[in-house]
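Working notes, beginning with the structure itself.
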Amino acid sequence: MEQNQDRLKDIISHAKEYGFVFPSSEIYDGLAATYDYGQLGAELKNNIKTYWWKAMVQLHENIVGIDAAIFMHPTTWKASGHVDAFNDPLIDNKDSKKRYRADVLLEEHIEKIRIKIDKEVEKARTRFGEEFSEDQFIATNPNVLRNQEKIDSIEARMKYALEANDLEGVRQLILDLDIACPISGSKNWTEVRQFNLMFSTELGSVAGDASTIYLRPETAQGIFVNFLNVQKSGRMKIPFGIAQIGKAFRNEIVARQFIFRMREFEQMEMQFFVRPGQEMEWYGYWKELRTKWHKNLGLGDSNYRFHDHLKLAHYANAACDIEFNFPMGFKELEGIHSRTDFDLKQHEKYSGKKLQYFDPELNESYIPYVIETSVGLDRLFLAVMSAALKNEILEDGSERTVLQIPPVLAPYKAAVLPLVKKDGLPEKAREIQKALQREFNVQYDEKDAIGRRYRRQDSIGTPFSITIDHQTLENNTVTIRNRDTMQQERVAVSQISTIIAREASWKSILEKL
Ligand code: ATP
């Protein structure tokens, strides 16, 4: 745990030092759970968006993207259920005065038991070697079985209490499990209360309830209210999807852990409209495709796992998370939800407008069912940073910090570095930079010794460093250094762009999907 906290701290300080992420309004000591993306962070974020948009929208004939307003008619949030039910159960520790989400305290307790099982399995794997069968071990080992039973029983009680909105039951479960406050270590808990997560504000100058509007807590509703606009104007046929990237706002109770949980964040969501009855098939389809999309980034397959939801949101008939192994442990990165026809039906009811699709094949009209894929852009940013930041000890005993960001996402694809600041090398380097920058984001740097410049590029994740030396002037060749292997190769200037494109072009990653 201690080690993980240190790891997160390393990431936070590296992100700040190199211009990826700053605390918001830092000169005023910052604002809780709000962050600004710096010059390199903005590039990385844009690249993540592009990877998503290209894969989801441009590679799917039947998916289109929109950009809806953050403000929406207030009735939207009545219809969607957010005014009445977008709550988190919160609990305070009376000694530390710290506030927690009751469901998160329980989930963390379950996770601790799960880690015990994992350790038991790993121990047995080492003991039995090649003959080890994990499935058999899990099904028969008494310690594993006992711990699994514990998990099942806690999950069952938690699901029951949360679904019945039995807040006393949730509190009792926390007491029965002897869960202590991580700060004070005490079990002196308050009641559990519900807390609405939406930020509200006033529209125009008229005060009162009628003019209260909300900052959207999810981008999804902007898609639902535009369902017919898009379907008609785009002549879309079911099944089809509408995608959107945009800001969302939640007054989170426990907003810690850097950009993992913010009060203002960005979502990349896609709502896929299908025939009623076919939603489970499509749910499975999107679960698989989204996992593939994540793994295609090369952050390590073992860093992902699924978590099926116990307590389904008011709109869902199936839901799971794709979790990522963050420095704080496995946590939700993306949610995949089968939202039924709940949202469109509600908007029909509240708006009095028909939101149906005429299916020419069935010759009938219906309200489509919806599968949603929703990934947090900031969480994905943190996932990339956590997997990428490495401290390496080199063969000569020296150390280097390297950010092994997937090349397509790297802020700069290449650095153009004249070996010395004279003899016409800067001029030649500028020429190469100019030619490359039409295709890739590249950086020019002539300051400091070449070794230090390489280290700096390693620290910001630039996959290639191109060095222009005296030989370049003679035969038009340069050295190209690979960030990960640190190998250098002498190549013709005309080849540089092909070498970069092989690893860092959109084509190079999209063709693997
Ligand atoms: P959590 O259980 O962690 O609060 P959630 O289940 O409420 O998340 P969803 O409503 O499914 O989240 O939102 C979809 C995605 O939006 C999440 O998978 C996550 O990546 C992102 N997200 C949600 N809340 C935040 C937040 N406060 N800060 C950053 N990203 C968030």
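The values are calculated or read from the model by the stated rules, or taken from the named source; none is laboratory data. This one's a predicted model, so the numbers in the text were calculated from it and none came from an experiment. Please note: Cβ atoms are built from the backbone with ideal geometry, for glycine as well, and neighbour counts cover all protein chains shown. Ligands, DNA and RNA are stripped out before the accessible areas are found, and what is left, the full protein with its side chains, is counted by its heavy atoms. Shrake-Rupley method; radii C 1.70, N 1.55, O 1.52, S 1.80 Å.
Brief remarks on what is shown
- Phe306 accessible area, 1.4 Å probe, all protein chains in place, Å² to nearest 10: 100
- Distance between modelled label sites at Val254 and Lys150, nm, 7 Å Cα→Cβ extension: 1.9
- Across the range 395-510, the relative contact order, built from alpha-carbon pairs under 8 Å that are at least six residues apart, equals 30 percent.
- Under 5 Å, built H, 5+ apart or other chain: amide partners of Ala33: none
- Rough spin-label spacing in nm, given labels placed 7 Å along Cα→Cβ, for Arg455 and Arg430: 2.9
- Counting charges near Ile70 (Lys, Arg +1; Asp, Glu -1) among other residues having Cβ under 12 Å from its Cβ returns a value of -2.
- A protection proxy built from the mean count of other Cβ atoms within 10 Å ranks the segments 234-247, 114-127, 389-402, most packed first, as 234-247, 114-127, 389-402.
- Segment Gln136-Leu312, length gained on full extension (0.36 nm per residue, minus Cα span): 60.3 nm
- Per residue, the range 87-196 exposes an accessible area of 60 Å² to a 1.4 Å probe, with every protein chain left in place.
- In the chain, helices alone account for a calculated mean residue ellipticity at 222 nm of -12000 deg cm²/dmol, with every DSSP H run of four or more residues adding -39,500 (n - 2.57).
- Other residues lying with their Cβ under 14 Å from the Cβ of Glu61 contribute a combined charge of +3, Lys and Arg counting +1, Asp and Glu -1.
- The long axis of helix 342-351 is offset from the longest Cα principal axis of the chain by roughly 70 degrees.
- Rh (Kirkwood; distinct C-alpha pairs) - the range 396-491, Å: 13.5
- The lysines whose alpha-carbon is closer than 26 Å to the alpha-carbon of Lys353, local same-chain residues fewer than 8 away aside, are Lys78, Lys232, Lys237, Lys345.
- The chain: angle of helix 142-163 to the longest principal axis, Cα-based, in degrees nearest 10: 60
- For the range 1-100: rounded, prolate or oblate by the Cα gyration tensor [a/c cutoff 1.5]: oblate
- Aspartates and glutamates whose Cα lies under 13 Å from that of Lys54, excluding same-chain neighbours fewer than 8 positions away: Glu511
- Each Cα pair under 8 Å and six or more residues apart adds its separation to the average, and for the chain the resulting relative contact order is 14 percent.
- Annotation: the chain has a Kirkwood hydrodynamic radius of 25.9 angstrom, from the mean reciprocal C-alpha pair distance.
- Convex hull projection area averaged over all views, the range 278-360, Cα basis, nm²: 7.7
- Apportionment of accessible area to carbon and sulfur, the chain, percent (1.4 Å): 48
- Per residue, the convex hull spanned by the Cα atoms of the range 239-280 amounts to 103 cubic angstrom.
- For the range 87-196, DSSP calls about 100 percent of its internal beta bridges antiparallel.
- Here the range 87-196 is treated as a sphere whose radius is the Kirkwood value from Cα pairs; by Stokes-Einstein at 10 °C and 1.306 mPa s it diffuses with a coefficient of 102 µm²/s.
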